[in-house]
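Student: Below are the structure tokens for one structure; questions will follow.
Just so you know, all these numbers are worked out from the coordinates, no wet-lab data involved. Nothing here was measured: the structure is a model prediction, and the numbers come from that model. Note: ideal-geometry Cβ built from the backbone for every residue, glycine included; neighbour counts use all protein chains shown.
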Amino acid sequence: MLLGIIITLKRGYDNRNYTDGPVETGVDLSDIRFHYGPSIIREVVMRNLYLVITLALVSFIFAAPVELLLNTGFEDGVLTPWTTNNWIIDTADPHSGTYCAFVEGNYWIKQEFTPADVNNIVSITFWYMQPEQAFFAFHLYYSPSDYDQDIVHVYDPGWVEYDLTSFLRSTGNLEGFKIFGYTGGGSSPDYVFLDDVSIIYDDDLALQSETFASIKAVFSE
């Protein structure tokens, strides 16, 4: 439907009928002088006008990307809807806000969500702090009942933002994320802090790419 509107605009643009005479716009243009070819100037103006209208339509129709997770920064003051076998809410040293999640040892925390096409997932990020700088594992769950596990080495004792987007499979539907603490990094306690977890999904990502390609093709004719 959108492409049909665009093509209609383009046809209207192609069928325009310009003259070098007065323009009936309701505005007094008597003082305006075109010294370098009025038809060419109008050509450029109208072409850009149709392009602006088209892009405005595209921006209006496409929805903004959405967050798949709930309680991403634990600011609800509880873990729900996260599930875990030992993590707790902590206020001692959050990355942002008032709360974060905390654990000592190799325990997991997980959240499941409605399966989402991996090709429409824009990013998977979170902030993680592990003072001993050891390692951690994570799982990406795919429907109906499968997951991938990878291990990341921690390179800084403070808060670090990790981006796991590149670990996504090329096809499939993501439906859950699990991350672990660790055990045995050294003589200090095996403390882990987690905050600001995010999985961004854009349902219109593929459609946008196709539409903008179509727009380019239409206005290049």
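Student: Hey, what do the phi angles of the stretch 162-173 turn into as Karplus ³J(HN,Hα) couplings, whole Hz, using 6.51/-1.76/1.60 and θ = phi - 60°, x for Gly and Pro?
Tutor: 10, 10, 9, 4, 5, 7, 5, 5, 6, 9, x, 10
Student: To the nearest 0.05, how large is the calculated FRET efficiency for GLU75 and ARG169 if R₀ is 35 Å and r is the Cβ-Cβ distance?
Tutor: The computed FRET efficiency comes out at 0.70.
Student: Still on this structure: 5 Å is the cut-off here: which amide hydrogens, built 1.01 Å from N in the peptide plane, fall below it relative to LEU168, excluding neighbours closer than 5 in sequence?
Tutor: Answer set, sorted by chain and number: none.
Student: Would you mind checking which residues have amide H under 5 Å from TYR147's amide H? H placed 1.01 Å from N; only 5 or more apart, or other chain.
Tutor: Residues meeting the criterion, in which the H sits 1.01 Å from N, are TYR142.
Student: From the phi angles alone, apply the Karplus equation (6.51, -1.76, 1.60; θ = phi - 60°) to the stretch 134-149 and give each ³J(HN,Hα) in whole Hz, x where the residue is Gly or Pro.
Tutor: Whole-Hz 3J(HN,Hα) from phi for the stretch 134-149: 9, 6, 8, 10, 9, 10, 10, 9, 10, 6, x, 6, 8, 7, 10, 10.
Student: Rounded to the nearest 0.05, what FRET efficiency is calculated for HIS153 and ASP204 with R0 set to 41 Å and r the Cβ-Cβ distance?
Tutor: 0.70
Student: Now for a different question. Give a residue-ordered list of calculated ³J(HN,Hα) values for the stretch 100-111 (Karplus: 6.51 cos²θ - 1.76 cosθ + 1.60, θ = phi - 60°; whole Hz; x for Gly, Pro).
Tutor: For the stretch 100-111, the Karplus curve yields 8, 9, 9, 8, 10, x, 8, 10, 10, 9, 9, 9 Hz.
Student: Right, here's the next one. Count charges around HIS95 for me, please; just the other residues with Cβ under 10 Å from its Cβ, Lys/Arg as +1, Asp/Glu as -1.
Tutor: Counting the neighbours of HIS95, the net charge comes to -4.
Student: SER123 to THR84: extension gain in nm, 0.36 nm per residue of separation minus the Cα-Cα distance?
Tutor: 11.7 nm
Student: Rounded to the nearest 0.05, what FRET efficiency is calculated for ASN106 and GLU67 with R0 set to 25 Å and r the Cβ-Cβ distance?
Tutor: Efficiency, rounded to the nearest 0.05: 0.35.
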